[in-house]
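Every read-out reported here was derived from the displayed coordinates using simple, explicitly stated rules and does not represent laboratory data. Computed from a predicted model, the values in this text were never measured in an experiment. Here the Cβ positions follow ideal geometry from the backbone for every residue, glycine too, while neighbour counts run over all protein chains shown.
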Amino acid sequence: MGTWFAPAAFVLLWSTGFIVARAIAGQADAPLFLTARFAVAACLLAVLAGRARAAWPRGRRLAGHLGAGALLHGIYLAASYQAVALGLSPGVMALVASLQPPLTAGLAAICCGRRPGGRLTAGMAAALAGVVLAAWPGREAVVLAMPLLPLGLAFCAMVSITAGTLAQQSALAAADLRVAGALQHAGAALVTLVVTAAWGQWRFVPTVTVLGALGWSVAGLSLGGAGLLVWLVRRGEAAGTAALLFLAPPLAALQAWLFFGTPLGARQLAGFALTLAGVALARGERPSRQGSK
């Protein structure tokens, strides 16, 4: 399961978040929608943990899970959605997000002593080049010409998910996955609730589309995608798991073409192929600990 099924399922589930964001546009404000998603997911996971009689952490461990969830889900998604709402193009958002796997590898090397190997480094470089090839918006929309606020929010989101991912390999990994998921989604809900109140974004029209998107977000993204992300990070290296996130923008673009008719050109397809090859190369090698032979 850990070799191919779980990584493939994680990428497929995680990439649908872009489609959900597009589906609810104009019908539900993102911060309130995210609050509902996180709160429902937290309650469901708490019920599952209670039925299993799993142990709940206290004190610093409990606060650590709330903080990790705020980073991995709350700040990351709230900042990403707001950056796009303020005019940041999806292409530039994908470019900024593509810096997350290399940042994860670098911080893992510094903080955890996990030195990235040659295949991981080369694979990440190829995957990053593929994302740039597919997502670069063109000369008329150079990144340096983008407004500072949405660009800053995009970088904040990228740093937030990096920190939240690395936190999963700390002492927090001792907790039951259902307990960890419940607490971390609760932490995320607190963040997005504060953002909802601060920005006054209370629109939520309970249409079939919005309710269907909410149901999928809870089941597919929170319980499925987020759960697999934490499970994969606990089983292996954070950098190797983060490399899978390179595939989310290409898969989201393919889904946008399938569901919304968004055109795809030869450059995008070539970039997707390069990204896939890079991720396959990166996943073929685990980083070694510094000082090991």
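Data overview
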item	result
Theoretical gain in end-to-end length, W202 to A8 [0.36 nm per residue, Cα-Cα removed]	66.3 nm
Length released on extending from A25 to L269, taking residue separation times 0.36 nm less the Cα-Cα span	85.2 nm
Where trypsin sites (Lys or Arg not before Pro) fall in DSSP loop in segment 1-75, at most 10 other Cβ within 10 Å	R53, R58
Shape call, the chain: gyration tensor on alpha carbons, a/c limit 1.5	oblate
Relative contact order for the chain, counting Cα pairs under 8 Å that sit 6 or more residues apart, in percent	42 percent
Label-point gap, in nm, between A63 and L211 - each point 7 angstrom along Cα→Cβ	4.1 nm
Rg ratio (alpha-carbon, reference 2.2 N^0.38 Å) - segment 3-63	1.52
A129/A219 FRET efficiency (R0 25 Å; Cβ-Cβ; nearest 0.05)	0.15
Derived scalar couplings ³J(HN,Hα) [segment 184-198; Karplus, 6.51 cos²θ - 1.76 cosθ + 1.60; whole Hz; x for Gly, Pro]	6, 6, 5, x, 5, 4, 4, 5, 5, 5, 4, 5, 4, 5, 5
